[in-house]
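I have placed the structure first, in the form of structure tokens, so that the comments after it can refer back to it.
No value in this document is a laboratory result; all are computed from the given coordinates. The structure displayed is predicted, hence computed values, not measured ones. Glycine gets a Cβ as well: all are built from the backbone with ideal geometry, and neighbour counts include every protein chain shown.
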């Protein structure tokens, strides 16, 4: 398997997972929308890194690697890099809380439809922009 094939596989997985977000949203499983959106963003961005020849790190927010390697990214990605970084960081921050919560943070109580819609919009944006690179 080549690096490009693996990058394409990541994008295929991210694209298919987008459909899950609508199901979770309709079920009012807003915290699960947040968690799945984060995983979608992570997969797509790691695919982008692989596609441009960078081995992605084993952590969830790859935005520092994208910023360090901005010169290797297509111009249209570089122009949107601030937005991409913001999305990746925000969803990464919510990753564990959305899934596990905490004693004083019950995920099913804390997230609402507005949060979920924003996560869906963010994940969709990332998948679409990465799809322009990985064909």
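Here residue 117 meets each of (1) touching a helix residue (DSSP H, G or I) at 6+ places or on another chain (Cβ under 8 Å); (2) surrounded by fewer than 13 Cβ atoms within 10 Å (Cβ to Cβ) with one exception, condition (2).
For region 99-128, residues that are part of a helix (DSSP H, G or I) and farther than 18 Å from residue 11 by Cα total 12.
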